[in-house]
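Undergrad: Here's a structure for you.
The values are calculated or read from the model by the stated rules, or taken from the named source; none is laboratory data. Small disclaimer: the values here were computed from a predicted structure and weren't measured. Don't worry about glycine lacking a Cβ; one is built from the backbone with ideal geometry, like all the others, and counts go over all protein chains shown.
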Amino acid sequence: MKTITYKSTRDDSLALTASQAILQGLSRDGGLFVPSEIPALDVSLRELAGMDYRQIAYEVMKLFLTDFTEEELKTCIERAYDSKFDTPEIAPLVHKGDAWYLELFHGPTIAFKDMALSILPHLMITSARKNGNHNEIVILTATSGDTGKAALAGFADVEGTRIVVFYPKDGVSPIQKRQMITQRGANTLVVGIHGNFDDAQTAVKNMFHDRELEQELAAAGFQFSSANSINIGRLVPQIAYYVWSYAVLLAQGEIREGDPINVVVPTGNFGNILAAYYAKRMGLPVAKLICASNENKVLFDFFRTGTYDRNREFILTSSPSMDILISSNLERLIWTAAGENAEQNKKFMKDLAETGVYTLPEEMRAELKDFCGYFADEFDTADIIRELYFDEQYVIDPHTAVAAHVYQQYREETGDETPTVIASTASPYKFTRSVMSAIDPKYMEDEDFTLVDEMYDLSRVPVPQAIEDIRSAPVLHPLTCEREEMQQMVKRFLGM
Ligand SMILES: *Cc1c(COP(=O)(O)O)cnc(C)c1O
């Protein structure tokens, strides 16, 4: 097997091993780690169709994490994709209406972040051991709602790690917030900030880049790492479920080997759809990569015009995990489109940091031809939730609904009938208020946990354990702070 090393999107002289890149999270120059090449799948699609989720995860991940032994990687996979998931399929593929919904929310926190964050702690501890690392690893995370809880669940009480999560105080759903502030584990800290997700993410990135802080931490026996979707230890496991979805379609006789599929991905930080793009480049027959945005439609505009422009009002929507104006993982695609040219990529990122805008030249846009962008507003989102419920008795969450609307629009506009997989990224039980009031406004006034029971009455989908767990759990993390205080909060937690 070919050895894959990792360089930065802003410095191509680097050559880290996968385990080093996982440990470090973000490159020191502010860039993201990218593989020296995208490896091709080395088993046939037909063979994949005979495998279970874990076997497919191994076939994908072994090609990227080439400094992990077979045993190390298989152990990580077995520990991650186990009975924490409420179905042995791990990610069921459900046919409703014109599309296949790839349900990525059967993990412990009922959002797709579990697909990667249930394995990241194991990859990280293995990486630390491989590199003779003795510092305690401090996972520092900004979350728009789902990453935070999934990372907390993954890292809580994992020896040799601490985890700090910052979330926008008024920018997550009531259930998301409750999930986070009731988190157990002596190594966890959760803080609400006065600001939006981009504020939290920017402050976290600044802490990562602060060399002085890095030295202070090292002196105290700590080092930062990232559980955000920029970590390749999150990106790589996410590739697996696209391969899995294809394998399932093939095994069920819905497609023939080699037939193309489209994917529709409700997008925020661009990690999930980037994984689909990597799957395609590994040889998975994916035709279109349809990027679905909510009213924060920076990516829609970008794919239409070639101009990325974050200078706009930040809109709070019913799909908070997609309320993002700076999609961090897009940098990896920009770097690819720039012919893997770190210098050119750096210029775009500098423009983005300084003016909030950059425009790709025509020849770079040609590299993005397999992507297309659409968006759904709040009415579209509610409409499709109601429609799917009444037509199919299928209840979906608002993020998935954005994608479902986008797919409907795409299909109407293009007439493209290629079999299509919609990434279904959260359980509707995580967003009961938005979902139930979309189905019928009469639910608008009900209490959060009454809504849970009412959703059960409508959908007959068992209430997930994650929801039962927080019904009566005590609040353990009441803290909030200003943006400027985030660093102090971290230091205090570490006893520095
Ligand atoms: C994080 C998240 C998204 C966005 O995924 P990205 O990888 O950030 O693009 C979409 N839906 C849900 C429910 C999420 O938690």
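Undergrad: Take the residues in segment 307-336 that are touching a residue at least 12 places away in the same chain (Cβ under 8 Å) and of a type in the set (Asp, Glu); name whichever of them is nearest to the ligand (Cβ to nearest atom).
TA: 323
Quick grid of which residues meet (1) within 21 Å of residue 301 (Cβ to Cβ); (2) modelled with pLDDT of 95 or more; (3) not in a loop (DSSP other than H, G, I, E, B):
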site	(1), (2), (3)
235	no, yes, yes
242	no, yes, yes
250	no, yes, yes
256	no, yes, no
259	no, yes, no
264	yes, yes, yes
269	yes, no, no
273	yes, yes, yes
276	yes, yes, yes
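Undergrad: Is segment 251-264 home to any residue that is within 12 Å of the ligand (Cβ to nearest atom) and either in contact with a strand residue (DSSP E or B) (Cβ under 9 Å, 6 or more places away or on another chain) or farther than 30 Å from residue 19 by Cα (or both)?
TA: Yes, because at least one residue in segment 251-264 is within 12 Å of the ligand (Cβ to nearest atom) and either in contact with a strand residue (DSSP E or B) (Cβ under 9 Å, 6 or more places away or on another chain) or farther than 30 Å from residue 19 by Cα (or both).
Undergrad: While we're looking at this one, here's another question. Kindly indicate whether any position in segment 31-38 is of a type in the set (A, V, I, L, M, F, W, C) and assigned to a loop (DSSP other than H, G, I, E, B).
TA: Within segment 31-38, one or more residues are of a type in the set (A, V, I, L, M, F, W, C) and assigned to a loop (DSSP other than H, G, I, E, B).
Undergrad: Could you check how many residues of segment 231-244 are within 16 Å of the ligand (Cβ to nearest atom) and more than 18 Å from residue 121 (Cα to Cα)?
TA: 2
Undergrad: Let me ask something else about it. Of the numbered conditions (1) closer than 30 Å to residue 338 by Cβ; (2) modelled with pLDDT under 95, residue 37 fails exactly one; give the number of that condition.
TA: (2)
Undergrad: Counting only residues that are aromatic (Phe, Trp, Tyr) and not in a helix (DSSP H, G or I), which one in segment 51-86 is surrounded by the fewest Cβ atoms within 10 Å (Cβ to Cβ)?
TA: Checked segment 51-86; the qualifying residue surrounded by the fewest Cβ atoms within 10 Å (Cβ to Cβ) is 85.
Undergrad: Are any of the residues in segment 364-380 surrounded by 24 or more Cβ atoms within 10 Å (Cβ to Cβ), free of Cβ contacts under 8 Å to residues at least 40 places away in the same chain and of a type outside the set (Lys, Arg)?
TA: Scanning segment 364-380, I find no residue that is surrounded by 24 or more Cβ atoms within 10 Å (Cβ to Cβ), free of Cβ contacts under 8 Å to residues at least 40 places away in the same chain and of a type outside the set (Lys, Arg), so the answer is no.
Undergrad: Residue 340 fails exactly one of the following numbered conditions: (1) over 23 Å from residue 25 (Cβ atoms); (2) out of contact with any helix residue (DSSP H, G or I) (no Cβ under 7 Å at 6 or more places or on another chain); (3) among the charged types (D, E, K, R). What is the number of that condition?
TA: Residue 340 satisfies every listed condition except (1).
Undergrad: Only one of 147, 143, 182 is more than 18 Å from the chain's Cα centre (by Cα) and either closer than 30 Å to residue 263 by Cβ or touching a residue at least 24 places away in the same chain (Cβ under 8 Å) (or both). Can you tell me which?
TA: The unique qualifying residue is 182.
Undergrad: Scanning segment 278-293 for residues that are in a loop (DSSP other than H, G, I, E, B) and in contact with a Pro (Cβ under 8 Å, 6 or more places away or on another chain), which turns out nearest to the ligand (Cβ to nearest atom)?
TA: Going through the qualifying residues, I end up with 282.
Undergrad: What do you reckon, is residue 382 farther than 15 Å from residue 459 by Cβ and not β-branched (Val, Ile, Thr)?
TA: yes
Undergrad: Condition first: free of Cβ contacts under 8 Å to residues at least 40 places away in the same chain, surrounded by 14 or more Cβ atoms within 10 Å (Cβ to Cβ) and either more than 16 Å from the ligand (Cβ to nearest atom) or not in a helix (DSSP H, G or I) (or both). Can you find one or more residues in segment 409-420 that meet it?
TA: Yes, because at least one residue in segment 409-420 is free of Cβ contacts under 8 Å to residues at least 40 places away in the same chain, surrounded by 14 or more Cβ atoms within 10 Å (Cβ to Cβ) and either more than 16 Å from the ligand (Cβ to nearest atom) or not in a helix (DSSP H, G or I) (or both).
Undergrad: Right, another one. Within segment 169-181, how many residues are surrounded by 24 or more Cβ atoms within 10 Å (Cβ to Cβ) and at pLDDT 90 or above?
TA: Result for segment 169-181: 2.
Undergrad: Inspect segment 444-456 for any residue being buried (at least 20 other Cβ atoms within 10 Å of the Cβ), under 23 Å from residue 91 (Cβ atoms) and within 16 Å of the ligand (Cβ to nearest atom) and give the result as yes or no.
TA: The answer is no; no qualifying residue exists.
Undergrad: Yes or no: residue 275 small (Gly, Ala, Ser), away from the ligand (no atom under 13 Å from the Cβ) and crowded, with 22+ Cβ neighbours inside 10 Å?
TA: When the stated conditions are applied, residue 275 does not pass them.
Undergrad: Considering only segment 247-259, how many residues are under 26 Å from the mean Cα position of the chain (by Cα) and either under 12 Å from residue 92 (Cα atoms) or of a type in the set (Gly, Ala, Ser) (or both)? Show your work before the answer.
TA: Of the residues in segment 247-259, the ones under 26 Å from the mean Cα position of the chain (by Cα) are 247-250.
Filter again for either under 12 Å from residue 92 (Cα atoms) or of a type in the set (Gly, Ala, Ser) (or both), leaving 247-249.
The total comes to 3.
Undergrad: Test each condition in (1) part of a helix (DSSP H, G or I); (2) more than 16 Å from the ligand (Cβ to nearest atom) for residue 191 and report the one that comes out false.
TA: (1)
Undergrad: For segment 307-346, give me each residue that is over 22 Å from the mean Cα position of the chain (by Cα), part of a helix (DSSP H, G or I) and surrounded by fewer than 23 Cβ atoms within 10 Å (Cβ to Cβ).
TA: Hits for segment 307-346 are 342, 343, 344, 346.
Undergrad: Go over the candidates 323, 301, 351 one by one and state the one that is touching a Phe, Trp or Tyr at 6+ places or on another chain (Cβ under 7 Å), charged (D, E, K, R) and at pLDDT 95 or above. I'd like the intermediate steps shown before the answer.
TA: On the way: 323 fails: at pLDDT 95 or above; 301 fails: touching a Phe, Trp or Tyr at 6+ places or on another chain (Cβ under 7 Å).
That would be 351, the only listed residue that is touching a Phe, Trp or Tyr at 6+ places or on another chain (Cβ under 7 Å), charged (D, E, K, R) and at pLDDT 95 or above.
Undergrad: State the number of residues belonging to segment 176-188 that are out of contact with any helix residue (DSSP H, G or I) (no Cβ under 6 Å at 6 or more places or on another chain) and outside any loop (DSSP other than H, G, I, E, B).
TA: Initial filter on segment 176-188 (out of contact with any helix residue (DSSP H, G or I) (no Cβ under 6 Å at 6 or more places or on another chain)): 176-177, 181, 184-187.
Filter once more, so that each one left must be outside any loop (DSSP other than H, G, I, E, B): 176-177, 181.
Qualifying residue count for the region: 3.
Undergrad: Now for a different question. For residue 204, are the conditions met, namely being in contact (Cβ under 8 Å) with a residue 60 or more places away in the chain, within 15 Å of the ligand (Cβ to nearest atom) and farther than 30 Å from residue 436 by Cα?
TA: yes
Undergrad: Which residues, taken from segment 114-166, are within 16 Å of the ligand (Cβ to nearest atom) and assigned to a loop (DSSP other than H, G, I, E, B)?
TA: Selection gives 118, 119, 143, 144, 145.
Undergrad: Would you say residue 472 is closer than 30 Å to residue 166 by Cα, within 16 Å of the ligand (Cβ to nearest atom) and among the small types (Gly, Ala, Ser)?
TA: no
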